[in-house]
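A short reminder: the numbers here are calculations on the coordinates, not readings from a lab. Every value quoted in this text rests on a predicted model; they were computed, and no experiment measured them. Virtual Cβ from ideal backbone geometry, glycine too; neighbours counted across all protein chains shown.
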Amino acid sequence: MARDIVGVQYLRGLAALAVVVDHSAATVANAKYFGAPVLDGLLYRGASGVDLFFLISGFIITVVSLDSDWRPKVRIADFFGRRFKRILPLMWIAIISWAVLRYVGRGVFPLQPYLMAMVVSPVGDLEPVGIWTLRHEFIFYTVFALTMLGPRWARPLLAIWCLSPFLMMGWEGPELLEKIAYPVNVEFGAGVLVGLAWLKRGGQFKISIEPFWLMVLGLIGLMFFGRLVDLTFHELPKTLMAAAFCAPILLFGVYVTCPPGVVSAIGLALGNASYAIYLFHPHAISSVTGILAKAAPQAPPGLVIVLVVVIATLAGYLAHLLIEKPILAFLQRPRRVGELGRPA
């Protein structure tokens, strides 16, 4: 159902692109490459795309798991089965390929962070570091499944989890507790609220302007806002501000009508490939930036960032076409049933 809401797909793609911009700018500015920040570090605020990702995740999980009366329409076991198929195989390939790339480039890599990432450990260091977002995704999935898909009396526990970061303010507890009660919980909660509202009052409105470009402006505005208030994921007040800024962007994407056309095709392509872009863009950024730094060390950093963003995004899209789609098609194909009623 969520995939039919075109605006949400636009936002998924734009959020992924914002993260690519952030990582490209930070890598190009690294002293061992070009050593020059562009736009006084503004592009680093593309990291705020992750804030929007968390809201989108809360929305999508809600609308695909509940009916219009907020009753579960999927069993807990099926819910986790779908999440595992959707998330883990591609993530494992991204982690292993990144480890290989690190080994080729540096001759060694620490094994433990990669193993922790493979199982999406809720504690400890993860490598590649971008897997930290999936750590919190799986914590959210677990809490959502046990509360919203379980007995009705358990549902308030989801709200308690979303608000739990307030209990951790100014207190350093065990690492596991800190991760469970991390500030980004409020962003998942905001997405769930948008999803619950949409299930009750679905429908869309039309505007005369192409919605995609307004969403682009919304993401740019989020980057400026992030720089203004110095958004960080581990500080609750700033995460609350990020959620407050992202919620109207998500509401707009959910309820606006997105007409078909070239822009729509591009927006949908980015959205469909957003997960692969997120997982595989670091591979391309690291490789391409290193090559350019050696081949054209005097190239303008701004131009290098543009080139790296384009190549990294295309690499992620190719990973979507050549790896992600075949894996999902294989995992989601109907199983033949044998004569004894067992999978053949």
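Of the residues that make up segment 75-85, is at least one under 25 Å from Val186 (Cβ atoms) and surrounded by 19 or more Cβ atoms within 10 Å (Cβ to Cβ)?
For segment 75-85, residues under 25 Å from Val186 (Cβ atoms) and surrounded by 19 or more Cβ atoms within 10 Å (Cβ to Cβ): present.
Give me the residue from segment 154-179 that is free of Cβ contacts under 8 Å to residues at least 12 places away in the same chain and within 23 Å of Leu126 (Cα to Cα) and, out of that set, surrounded by the most Cβ atoms within 10 Å (Cβ to Cβ).
Of segment 154-179, the ones free of Cβ contacts under 8 Å to residues at least 12 places away in the same chain are 154-156, 160, 170-174, 177-178.
Among the residues that remain, those that are also within 23 Å of Leu126 (Cα to Cα) are: 172-174, 177-178.
Details: Glu172: 8, Gly173: 11, Pro174: 9, Leu177: 15, Glu178: 17.
Result: Glu178.
Going through segment 217-235 one residue at a time, which ones are buried (at least 17 other Cβ atoms within 10 Å of the Cβ) and either within 19 Å of the chain's Cα centre (by Cα) or free of Cβ contacts under 8 Å to residues at least 60 places away in the same chain (or both)?
Listed by number, the residues that qualify are Gly218, Leu219, Leu222, Met223, Gly226, Leu231, Phe233.
Out of segment 116-144, which residues are assigned to a loop (DSSP other than H, G, I, E, B) and of a type in the set (Phe, Trp, Tyr)?
none
Pairs under 7 Å by beta carbon, first residue over 15 Å from Trp70 (Cβ atoms) in segment 181-195, partner not in a helix (DSSP H, G or I), six or more apart or different chains?
Close Cβ pairs satisfying both conditions: Ala181/Ser164; Pro183/Phe233; Pro183/His234; Pro183/Glu235; Val184/Phe233; Asn185/Ser164.
Kindly evaluate Ile277 against the criterion of being of a type in the set (A, V, I, L, M), within 17 Å of the chain's Cα centre (by Cα) and either under 18 Å from Arg12 (Cα atoms) or not in a helix (DSSP H, G or I) (or both). So that I can check it myself, show each step before the final result.
Details: of a type in the set (A, V, I, L, M): yes; within 17 Å of the chain's Cα centre (by Cα): yes; either under 18 Å from Arg12 (Cα atoms) or not in a helix (DSSP H, G or I) (or both): yes.
Yes.
Out of the residues in segment 186-216 meeting the condition of being in a helix (DSSP H, G or I) and of a type in the set (Val, Ile, Thr), tell me which one is surrounded by the fewest Cβ atoms within 10 Å (Cβ to Cβ).
Taking segment 186-216 as the starting set, the residues that turn out to be in a helix (DSSP H, G or I) are 186-200, 211-216.
Within this subset, residues satisfying the condition of being of a type in the set (Val, Ile, Thr) are 186, 192, 194, 216.
Values: Val186: 23, Val192: 24, Val194: 25, Val216: 16.
The qualifying residue surrounded by the fewest Cβ atoms within 10 Å (Cβ to Cβ) is Val216.
Does Lys238 meet the test of being closer than 30 Å to Met148 by Cβ, of a type outside the set (A, V, I, L, M, F, W, C), over 17 Å from the mean Cα position of the chain (by Cα) and buried (at least 16 other Cβ atoms within 10 Å of the Cβ)?
Yes: the conditions hold for Lys238.
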